[in-house]
């Protein structure tokens, strides 16, 4: 980009030439300075210089303005008019002295040029930045050092968002020679800014809306596209989009300064961001397949293996903090009748809907999984036996009100609580499973508590 001082140089030359033309036509110029040349030829030369400087102004606006279709049409029309004036005066005029209508037209053109510079130039108050989208060109990416590649590979091992952000900033700081960088993260409808440079972070935070709008447009563009910002002082900022995660968007803004040749090149920054984006995408795909391997393909709940992994961690945490913990074993009553009478597609649909009914009845911290067939297991951390019965009854009543099945659907539930004797996950599951079979023997559609549930408030057991 040309510095702001040079943007108005053609306009200044044009205004000077039109002023000289008006003074010459008035005769004041010839009274002040004696000339040995024909005044008519001098006026003709000044007129042509005025027209050429106007044409140079229009061409300069093409070069320095962020063009839109409307601006292109306006500048193209004005350029054609300016070219036509030059052609008409040089080749069609009978005299070397411009006529009064032509002089008035040139004056009007000068006023229009001044207004165009005010409206189209990026230095006006309402627009603190000039913003340009730069399309990425196909080229071979730079091969970085072994240490840099090892640092990038560490991004695959980062699951925590804060650690991932810190790792990216460290790589950028080391690779781009401490070029100020700000990492913008959009998650849960909030923007978070992270940077090693307090000044750079403060500037982006102050003009956040000006940065955000162009950056978010990169989401729908090619991976190598970038945004170039420039403020009134000529400082450059480069914006990049780093990931394609719909739930969490990452953007990078670099501050190479006024004189880019003395810091980093745009291609270096683009190469680095392309490498980081590739690693983050691979990391995202890895997490996706890990999640898919942890879920039951029919209901979308956790599968048995993943439940055991997470439940054992929850139980161990409750033990260390001496907090209560309960487990529910749930079975859908007479589910085989639905499959036999209405077919497995109907049975699968009802099973999925019942799973959602159960999950919606639980708290956020509760852990539910499909144990097998029509059986579900639920871990209730930080929950006493009395609280567990209330949750179990809420689940049972919710499913009993489900009316989208051709046959009534009810649940039999068994409850166990963590004690000194039933301290492992397997012991909790076995006791809750036995209690569930007891509920079936006693008529189904009910909750039975195991021997570990010794809370005196469970007087419903006696009935």
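The values are calculated or read from the model by the stated rules, or taken from the named source; none is laboratory data. Fair warning: this is a prediction, and the values are worked out from it, not measured in the lab. Every residue, glycine as well, gets a Cβ built from its backbone with ideal geometry; the counts of neighbours run over all protein chains shown.
The table below gives the values:
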| read-out | value |
| --- | --- |
| Lone unmet requirement of (1) buried (at least 17 other Cβ atoms within 10 Å of the Cβ); (2) modelled with pLDDT of 75 or more; (3) within 22 Å of the chain's Cα centre (by Cα); (4) not in a helix (DSSP H, G or I) for residue 130 | (2) |
| Region 167-202, subset in contact with a strand residue (DSSP E or B) (Cβ under 8 Å, 6 or more places away or on another chain) and in a helix (DSSP H, G or I), residue modelled with the highest pLDDT | 201 |
| Residue, farthest from the chain's Cα centre (by Cα), within region 195-209, restricted to residues that are surrounded by fewer than 16 Cβ atoms within 10 Å (Cβ to Cβ) and in contact (Cβ under 8 Å) with a residue 12 or more places away in the chain | 199 |
| Filter result for residue 418 (out of contact with any helix residue (DSSP H, G or I) (no Cβ under 8 Å at 6 or more places or on another chain) and under 23 Å from residue 305 (Cα atoms)) | no |
| Qualifying positions in region 303-322 - part of a loop (DSSP other than H, G, I, E, B) and closer than 17 Å to residue 372 by Cβ | 303 |
